[in-house]
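S.K.: Here you go, one structure.
The values are calculated or read from the model by the stated rules, or taken from the named source; none is laboratory data. Being a predicted model, the structure only gives us computed values, none of them experimental. Every residue, glycine among them, receives a Cβ derived from its backbone with ideal geometry; neighbour counts consider all protein chains shown.
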Amino acid sequence: MEVSIVQIGNSKGIRFSKTVIEKYNLREKVDMILEKGQIVIKPLDSPRKGWEEAFKEMSKQGDDRLLFNDVFDDENLEEWK
C-alpha cells in the first residue's frame, strides 16, 4: 500500500486510515521495529493486561496460595546474605 509522508510541525509522519487502525488494533502507541532495510509497525502488546484484576479475583476465591513451599528443607539461606 502506498502512503504519503506528511509534514507534522517540524517533523514528518504517516497517516493511517481508520480501516487500518481498526483492523490492526492500533491505539495511542505502537511498537516500531527497524530491521534489514524496513520499518515494521505493530500494535503495542500488553502481555500482563488484566493480571491485576485476575489476581484480585483469585484472592477473593482463596485461589492464590502457594502450590509448594518457597523455602526447601535443604536450602542454605546464609549464602544469600
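One line per residue, one yes/no per condition, for (1) surrounded by 10 or more Cβ atoms within 10 Å (Cβ to Cβ); (2) at positive phi:
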residue: Val30; (1), (2): yes, no
residue: Gly37; (1), (2): no, yes
residue: Phe72; (1), (2): no, no
residue: Glu75; (1), (2): yes, no
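S.K.: Would you say Arg27 is of a type in the set (Lys, Arg), in contact (Cβ under 8 Å) with a residue 12 or more places away in the chain and under 19 Å from Met1 (Cβ atoms)?
M.R.: no
S.K.: Which count do you get for residues in the range 31-71 that are among the basic types (Lys, Arg), over 25 Å from Ile21 (Cα atoms) and part of a loop (DSSP other than H, G, I, E, B)?
M.R.: Number satisfying all stated conditions: 1.
S.K.: (1) among the polar types (S, T, N, Q); (2) at pLDDT 90 or above; (3) exposed (fewer than 10 other Cβ atoms within 10 Å of the Cβ): which one isn't true of Ser59, the others all being true?
M.R.: Here Ser59 meets the rest and fails (3).
Yes/no per residue for (1) over 18 Å from the mean Cα position of the chain (by Cα); (2) not charged (D, E, K, R):
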{"residue": "Gly9", "(1), (2)": "yes, yes"}
{"residue": "Gly13", "(1), (2)": "yes, yes"}
{"residue": "Thr19", "(1), (2)": "yes, yes"}
{"residue": "Tyr24", "(1), (2)": "no, yes"}
{"residue": "Lys36", "(1), (2)": "yes, no"}
{"residue": "Asp45", "(1), (2)": "no, no"}
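S.K.: Does the range 1-28 hold any residues that are of a type in the set (Gly, Ala, Ser) and loosely packed, with under 10 Cβ neighbours inside 10 Å, and which are they?
M.R.: Passing the criteria: Ser4, Gly9, Ser11.
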